[in-house]
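Read the structure below first, then the notes.
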Amino acid sequence: MNDCLFCKIIAGDIPSSKVYEDDLCYAFRDINPQVPTHILVVPKEHISSCGDVTAENAALVGHIFTVIARIAEAEGLNNGWRVVSNVGPDAGQTVPHLHFHILGGQRLSDRMA
Ligand code: 5GP
Ligand code: ZN
């Protein structure tokens, strides 16, 4: 049984605010936004984190970055934005399904950590 929260969101078993979807990835609004625009982009295939990116799934990750750029454009983040992916406990990863945070809509912190 797949107990992964984001796999359940992708399957529609848990509701989410969809921003974009295609055969390979799904984007939705973060339930606890840290900035005015806070969107998560995930592969539909379960990959645990950036630490599990390999030659086999590199094209999928590349595709996700094209989607990230188009979402930022569609959301009107013309003045800049940030993409973040936390890996493991030291980075505070809470959901072990690869996800990219798109953060924007205000001046972001000068510090990244
Ligand atoms: P992480 O801390 O793993 O980098 O990011 C996980 C993100 O998922 C957090 O920003 C958190 O607010 C978000 N999140 C956790 N549970 C849910 C949920 O059920 N729905 C949505 N839309 N976001 C969630
Ligand atoms: Zn998953």
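The values are calculated or read from the model by the stated rules, or taken from the named source; none is laboratory data. Everything quoted here is computed from the prediction, not taken from an experiment. Neighbour counts are summed over all protein chains in view; Cβ atoms, including those assigned to glycine, are modelled from backbone coordinates with ideal geometry.
For LYS44, the conditions (1) away from ligand 1 (no atom under 16 Å from the Cβ); (2) within 17 Å of LEU98 (Cβ to Cβ); (3) basic (Lys, Arg) all hold with the exception of (1). Candidates in segment 1-28 are the residues that are closer than 18 Å to ALA69 by Cβ and touching a His at 6+ places or on another chain (Cβ under 8 Å); of these, the one that is nearest to ligand 1 (Cβ to nearest atom) is CYS25. Please go through segment 1-14 and pick out each residue that is within 8 Å of ligand 2 (Cβ to nearest atom) and assigned to a loop (DSSP other than H, G, I, E, B). Result: ASN2, CYS4. Within this structure, VAL41 passes the test of being within 11 Å of the chain's Cα centre (by Cα) and modelled with pLDDT of 95 or more.
None of GLU21, GLU45 is among the charged types (D, E, K, R) and more than 14 Å from ligand 2 (Cβ to nearest atom) except GLU21. Can you find even one residue in segment 63-76 that is at pLDDT 95 or above, surrounded by fewer than 16 Cβ atoms within 10 Å (Cβ to Cβ) and in a loop (DSSP other than H, G, I, E, B)? The answer is yes, given that some residue of segment 63-76 is at pLDDT 95 or above, surrounded by fewer than 16 Cβ atoms within 10 Å (Cβ to Cβ) and in a loop (DSSP other than H, G, I, E, B). Name the pairs: first residue in segment 86-108 and more than 13 Å from LEU5 (Cα to Cα), second residue aromatic (Phe, Trp, Tyr) and more than 15 Å from ligand 2 (Cβ to nearest atom), Cβ to Cβ under 9 Å, at least 6 apart or on different chains? Here the result reads PHE100/PHE65; ILE102/TRP81; LEU103/TRP81; GLY104/TRP81; GLY105/TRP81; LEU108/TRP81, each pair linking segment 86-108 to a residue that is aromatic (Phe, Trp, Tyr) and more than 15 Å from ligand 2 (Cβ to nearest atom). Quick one: is PHE28 of a type outside the set (A, V, I, L, M), surrounded by 15 or more Cβ atoms within 10 Å (Cβ to Cβ) and out of contact with any Ser or Thr (no Cβ under 7 Å at 6 or more places or on another chain)? Considered against the rule, which asks whether it is of a type outside the set (A, V, I, L, M), surrounded by 15 or more Cβ atoms within 10 Å (Cβ to Cβ) and out of contact with any Ser or Thr (no Cβ under 7 Å at 6 or more places or on another chain), PHE28 comes out as no. Restricting attention to segment 48-81, and to residues there that are touching a residue at least 24 places away in the same chain (Cβ under 8 Å) and among the hydroxyl-bearing types (Ser, Thr, Tyr), which single residue is farthest from ligand 2 (Cβ to nearest atom)? Going through the qualifying residues, I end up with SER49. If you go through segment 94-113 one residue at a time, do you hit one that is away from ligand 1 (no atom under 13 Å from the Cβ), closer than 15 Å to ALA27 by Cβ and either more than 11 Å from the chain's Cα centre (by Cα) or of a type in the set (Ser, Thr, Tyr) (or both)? Yes, some residue in segment 94-113 is away from ligand 1 (no atom under 13 Å from the Cβ), closer than 15 Å to ALA27 by Cβ and either more than 11 Å from the chain's Cα centre (by Cα) or of a type in the set (Ser, Thr, Tyr) (or both).
Within segment 9-25, the set of residues being touching a residue at least 24 places away in the same chain (Cβ under 8 Å) and loosely packed, with under 12 Cβ neighbours inside 10 Å comprises ASP22 only.
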